[in-house]
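A.B. asks: Below you will find the structure I want to go over with you.
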Amino acid sequence: MSDKISASELPRPDAQLVIDDTHGAAPSPRKTPWREVWQVYAEAATVRMLLLGFSAGLPLLLVFGTLSFWLREAGIDRTTIGYLSWVGLAYGFKWAWAPLVARLPIPLLTRWLGRRRSWLLLSQTMIVSALVAMALTDPRLALQPIVWCALAVAFGSATQDIALDAFRIESADVRRQAALAAAYQTGYRMAMIWAGAGALWIAARAEVAGGSGYQQGAWQAAYLVMAASMLLGVVTVLFSPEPLRRDIPPSKNVTDWLKGALVEPFADFLRRYGKQALLILALIAIYRISDVVMGIMANPFYVDMGYTKDEVAAVTKVFGVVMTLAGAFVGGVLAMRFGVMRVLMLGAVLSAASNLLFAWLGSRGHDVNALIVVISADNLSSGIASAAFIAYLSSLTNVNYSATQYALFSSIMLLLPKFLAGYSGRYVDAFGYGNFFTATALLGLPVLLLVWLASRAKGPQTQ
């Protein structure tokens with residue numbers, strides 16, 4: 001089957017059909033044979049998405065988790081680190097410039113590479129430049145340059161996400177979206193391991209023997225290596241085919257352009273889902289809230305518990321990688337076999353439960369074996385939840401508005417969690433790590449209700 005999808009094909013959530021069948025509302029589709037399920041992972045589009053997923057996942061921790069470890073080691077207080085996580089709100093507002101990425105050509109570059117690949121290359125160049133600038137900045141001397149560089153990385157990364165999500169959705173038919181999502185998530189999570197454990201390992205290796213305390217040169221080396229690692233995504237973009245081009249009718253005036261670029265993608269979603277749109281948007285808004293709010297304090301927690309960079313890196317590098325790969329592929333396979341909504345529910349339960357393990361870890365003191373258990377469970381649950389969630393968001397998207405609609409969904413996913421995460425440092429200072437991790441687990445309870453309600457809802461309305 002071709003990698004391309006016709007402009008007239010509208011993605012529909014296969015999982016939704018399975019759920020409807022449970023209630024007798026629609027006939028159950030033929031289940032994909034196991035052999036076909038596994039073969040899709042060897043297709044060229046899936047391999048490309050694995051590599052591009054790595055490029056997408058690399059910047060995230062470098063402005064969140066790894067940066068928080070760096071800043072905490074440099075003596076920056078937890079409250080400030082929490083507030084600095086608000087640079088991630090750039091991901092929450094990417095819908096605002098998604099129409100530009102979807103429609104605006106880049107002089108010369110778009111003619112050479114095409115609409116999607118030109119924006120991918122431009123955003124990757126921005127990320128590399130900002131990471132190099134971060135590497136050359138000492139947070140003890142001036143924190144503001146770090147903030148501006150982190151914002152530039154986040155903006156470039158959000159722009160890359162917009163173009164990449166559209167590239168992924170347009171690169172294969174709807175039945176392959178779960179597999180593409182799993183491959184994307186696998187690459188994404190592997191990059192996060194590299195940007196997290198890898199960066200810590202490099203920083204530990206770059207420390208001057210016999211030195212004590214904070215060493216800026218070690219973190220400079222780590223961030224320069226991370227900037228060079230983005231070249232994998234650059235090379236993949238250069239050697240990837242542009243998805244089937246969809247000609248956009250020229251706009252008669254500015255008003256006509258704004259209607260087609262901004263209004264119509266959102267209106268299309270509301271027309272197709274009607275009253276169910278609010279339920280879907282509510283689910284998207286809080287599905288990852290437990291993970292996102294907790295995540296910004298994970299590395300300061302490791303530092304305060306006395307774990308070294310080598311210990312955190314070693315555990316994450318071995319057990320984190322294995323469980324990440326297992327979680328992403330299991331999530332993708334289960335979504336294709338049993339439906340996305342069922343795996344969404346499983347992921348929501350596991351994500352909340354894994355946060356309770358962090359509270360348990362805090363009661364163990366400096367216990368590397370307990371750290372292995374917690375990091376393994378956290379990566380497994382996150383991989384399952386993320387693969388299913390990406391497939392779910394893709395199924396909601398009209399391929400004719402893929403860049404703008406997916407940017408809207410993924411922005412809504414991050415706005416509330418990232419806003420709350422900004423107060424995570426203050427909460428820990430006031431109530432301690434144990435209460436904080438327990439509270440983030442409880443934040444996941446409303447998610448279970450919304451997944452259940454969404455699973456009972458009917459599919460898109462027909463016109």
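A.B. asks: Kindly indicate whether TYR423 is closer than 30 Å to SER171 by Cα and in contact with a helix residue (DSSP H, G or I) (Cβ under 7 Å, 6 or more places away or on another chain). Let's see the steps before the verdict.
C.D. replies: Numbers: closer than 30 Å to SER171 by Cα: no; in contact with a helix residue (DSSP H, G or I) (Cβ under 7 Å, 6 or more places away or on another chain): yes.
Judged against the criteria, TYR423 is not a match.
A.B. asks: Something else about it: For ARG111, work out the one condition from (1) within 21 Å of GLN220 (Cα to Cα); (2) basic (Lys, Arg); (3) surrounded by fewer than 18 Cβ atoms within 10 Å (Cβ to Cβ) it doesn't fulfil.
C.D. replies: (1)
A.B. asks: Okay, moving on. For segment 207-232, which residues satisfy the criterion of being over 13 Å from ALA56 (Cβ atoms), of a type in the set (A, V, I, L, M, F, W, C) and modelled with pLDDT of 90 or more? Steps first, please.
C.D. replies: Going through segment 207-232, the residues over 13 Å from ALA56 (Cβ atoms) turn out to be 207-228, 231.
After this cut, where a residue has to be of a type in the set (A, V, I, L, M, F, W, C) as well, the list is 208-209, 218-219, 221-222, 224-228, 231.
ALA218, TRP219, ALA221, ALA222, LEU224, VAL225, MET226, ALA227, ALA228, LEU231 - these are the residues of segment 207-232 that are over 13 Å from ALA56 (Cβ atoms), of a type in the set (A, V, I, L, M, F, W, C) and modelled with pLDDT of 90 or more.
A.B. asks: Which pairs do you get when a residue that is closer than 20 Å to SER363 by Cα, found in segment 302-328, comes within reach of a residue that is of a type in the set (Phe, Trp, Tyr) and part of a helix (DSSP H, G or I), reach meaning Cβ atoms under 6 angstrom, with the pair 6+ apart or on two chains?
C.D. replies: Taking only residues 6 or more apart or on different chains, the pairs are VAL312/TYR302.
A.B. asks: Within segment 362-369, is there a residue that is of a type in the set (D, E, K, R), over 15 Å from ASP291 (Cβ atoms) and either buried (at least 24 other Cβ atoms within 10 Å of the Cβ) or modelled with pLDDT of 85 or more (or both)?
C.D. replies: Of segment 362-369, the ones of a type in the set (D, E, K, R) are 364, 367.
Next, from what is left, pick out any that are over 15 Å from ASP291 (Cβ atoms): 364, 367.
Cutting the leftovers down to either buried (at least 24 other Cβ atoms within 10 Å of the Cβ) or modelled with pLDDT of 85 or more (or both) gives us 364, 367.
Yes: segment 362-369 contains one or more residues that are of a type in the set (D, E, K, R), over 15 Å from ASP291 (Cβ atoms) and either buried (at least 24 other Cβ atoms within 10 Å of the Cβ) or modelled with pLDDT of 85 or more (or both).
A.B. asks: Answer yes if at least one residue in segment 372-380 is surrounded by fewer than 23 Cβ atoms within 10 Å (Cβ to Cβ), within 23 Å of the chain's Cα centre (by Cα), among the hydroxyl-bearing types (Ser, Thr, Tyr) and at pLDDT 90 or above, and no otherwise.
C.D. replies: No - not one qualifying residue is present in segment 372-380.
A.B. asks: Let me ask you something else. Residues that are buried (at least 20 other Cβ atoms within 10 Å of the Cβ), in contact with a Cys (Cβ under 9 Å, 6 or more places away or on another chain) and modelled with pLDDT of 95 or more: does segment 123-131 have at least one?
C.D. replies: yes
A.B. asks: Count, please, the residues in segment 73-82 that happen to be of a type outside the set (A, V, I, L, M, F, W, C), over 13 Å from VAL428 (Cβ atoms) and surrounded by 18 or more Cβ atoms within 10 Å (Cβ to Cβ).
C.D. replies: So the first thing to find is which residues in segment 73-82 are of a type outside the set (A, V, I, L, M, F, W, C), and the list is 73, 75, 77-80, 82.
The next check asks that each one be over 13 Å from VAL428 (Cβ atoms); those that pass are 73, 75.
From the residues that got through so far, the ones that are surrounded by 18 or more Cβ atoms within 10 Å (Cβ to Cβ) too are 73.
The qualifying residues number 1.
A.B. asks: If you don't mind, another one. Within segment 103-142, track down each residue that is over 26 Å from the mean Cα position of the chain (by Cα) and in contact (Cβ under 8 Å) with a residue 12 or more places away in the chain.
C.D. replies: LEU109, LEU136, THR137, ASP138, PRO139, ARG140
A.B. asks: On to the next question. So, SER455, is that one modelled with pLDDT under 85, within 30 Å of ARG272 (Cα to Cα) and buried (at least 22 other Cβ atoms within 10 Å of the Cβ) or not? Outline the logic, then answer.
C.D. replies: Values: modelled with pLDDT under 85: yes; within 30 Å of ARG272 (Cα to Cα): yes; buried (at least 22 other Cβ atoms within 10 Å of the Cβ): no.
It is false that SER455 is modelled with pLDDT under 85, within 30 Å of ARG272 (Cα to Cα) and buried (at least 22 other Cβ atoms within 10 Å of the Cβ).
A.B. asks: Could you look through segment 75-115, keep only residues that are of a type in the set (A, V, I, L, M) and outside any helix (DSSP H, G or I), and pick out the one that is nearest to LEU61 (Cα to Cα)? Steps first, answer last, please.
C.D. replies: In the first step, residues of segment 75-115 are kept if they are of a type in the set (A, V, I, L, M); the result is 76, 81, 84, 87, 89-90, 96, 98, 100-102, 104, 106, 108-109, 113.
Add one more test, that the residue is outside any helix (DSSP H, G or I), and what stays is 76, 104, 106, 108.
On the way: ILE76: 17, LEU104: 29, ILE106: 29, LEU108: 32 Å.
Looking at residues that are of a type in the set (A, V, I, L, M) and outside any helix (DSSP H, G or I), I get ILE76.
A.B. asks: Enumerate the pairs (first residue in segment 269-292 and on the phi > 0 side of the Ramachandran plot; second residue anywhere and surrounded by fewer than 18 Cβ atoms within 10 Å (Cβ to Cβ) and among the polar types (S, T, N, Q)) with beta-carbon separation below 6 Å, excluding pairs fewer than 6 apart on the same chain, so at least 6 apart or on different chains.
C.D. replies: Final answer for the pair search is GLY274/GLN461.
A.B. asks: Sticking with this structure for a sec: Considering (1) at pLDDT below 90; (2) among the polar types (S, T, N, Q); (3) over 24 Å from ARG103 (Cα atoms), say which one GLN144 fails and leave the rest.
C.D. replies: (1) is the only condition that GLN144 fails.
A.B. asks: If you check VAL312 against the conditions, is it among the β-branched types (Val, Ile, Thr) and either more than 24 Å from ALA352 (Cβ to Cβ) or out of contact with any Ser or Thr (no Cβ under 7 Å at 6 or more places or on another chain) (or both)? Step through it out loud before you land on a result.
C.D. replies: Numbers: among the β-branched types (Val, Ile, Thr): yes; either more than 24 Å from ALA352 (Cβ to Cβ) or out of contact with any Ser or Thr (no Cβ under 7 Å at 6 or more places or on another chain) (or both): yes.
Yes, satisfied.
The values are calculated or read from the model by the stated rules, or taken from the named source; none is laboratory data. Since we're looking at a predicted model, the values are computed, not measured. Ideal geometry is used to build each Cβ from the backbone, glycine not excepted, and the neighbour counts take in all protein chains shown.
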